[in-house]
Amino acid sequence: MKEGRRSGFGIIGLGRFGLALAKTLAESGAEVIAIDGDENKLRLVRNHVQDAFRMGKLTKDALEETGIGECETVVVCIGEKVDVSLLTTLNVLNLGVPRVIAKADSIEHGIILERIGAEVVHPEMETATRLAAVLLGSKALDMMRLNDDYVVSEIKVDKRLHGKTIHDLHLDKYDLKLIALEKEPNITLPDASLDEVLTEDDAILVIGKFADADRFERKVMNRG
């Protein structure tokens, strides 16, 4: 991570949610720093992320040494230990990170996190894939994760593609398969022809791997 320039993501805590988030962001080409106290969990992401640090005590000084304070966004994925979650979140905020998101395991936990200045995510309401899509600036209206890193993604068509056909999207090049074309008002075409002309505010429903859907959005849908 370049000195003096905030970029990338920091993930603190590699439980199921944090692990999925770190891998999803890294597989999409983002710079990721991962921190956890369990070396076994760190081994699961070392080949994916830019840096992985084993850390028992998440003090401000210790966190600063990892360089996580230079991240644009840090997600604190420590929900079950409320005291550790709150102190860690506060330490990250005090490092001056522009955007700090914290996992909350209860409404009360979330309220306190919000009061100290963090954004809150509730894993029972939000999947790691959806959060990753938000962090990466996805235009997907909705996204559902399936097994083996596959997602079903509903992507809005912007004005740049108005008048193009489904064939012009070259979905096969990105290993994506069209499930349906959604047109206003409330018309769904599950067997849309490749010659179907797209209009602004249409939406395509596709299935494929998250990284491929993200790559398609960046190159074809002009996002990122």
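The values are calculated or read from the model by the stated rules, or taken from the named source; none is laboratory data. What you see is a predicted model, and the numbers here were worked out from it, not measured in a lab. So basically every Cβ, Gly included, is an ideal-geometry build from the backbone, and we count neighbours across all protein chains shown. For accessibility, only protein heavy atoms count, side chains too; no ligands or nucleic acids. Shrake-Rupley method; radii C 1.70, N 1.55, O 1.52, S 1.80 Å.
So for segment 39-52 (the condition being assigned to a helix (DSSP H, G or I) and under 21 Å from residue 119 (Cβ atoms)), does at least one residue qualify? No, every residue in segment 39-52 fails to be assigned to a helix (DSSP H, G or I) and under 21 Å from residue 119 (Cβ atoms). Checked against the criteria, residue 120 does not count as open to solvent by less than 10 Å² (accessible area, probe 1.4 Å) and outside any loop (DSSP other than H, G, I, E, B).
The residue that is nearest to residue 72 (Cα to Cα), counting only those in segment 93-117 that are assigned to a strand (DSSP E or B) and either at pLDDT below 90 or among the basic types (Lys, Arg) (or both), is 99. Quick check: anything in segment 53-73 out of contact with any Cys (no Cβ under 9 Å at 6 or more places or on another chain) and within 16 Å of residue 120 (Cβ to Cβ)? Scanning segment 53-73, I find at least one residue that is out of contact with any Cys (no Cβ under 9 Å at 6 or more places or on another chain) and within 16 Å of residue 120 (Cβ to Cβ), so the answer is yes. Taking the residues in segment 24-38 that are among the small types (Gly, Ala, Ser) and not in a helix (DSSP H, G or I) as candidates, determine which candidate is least open to solvent (accessible area, probe 1.4 Å). Filtering first and then ranking leaves 34. Tell me, yes or no, whether segment 97-108 has at least one residue that is among the hydrophobic types (A, V, I, L, M, F, W, C), under 19 Å from residue 35 (Cα atoms) and surrounded by fewer than 18 Cβ atoms within 10 Å (Cβ to Cβ). No: zero hits. A residue that is under 30 Å from residue 21 (Cβ atoms), modelled with pLDDT of 85 or more and open to solvent by less than 50 Å² (accessible area, probe 1.4 Å) occurs somewhere in segment 215-222.
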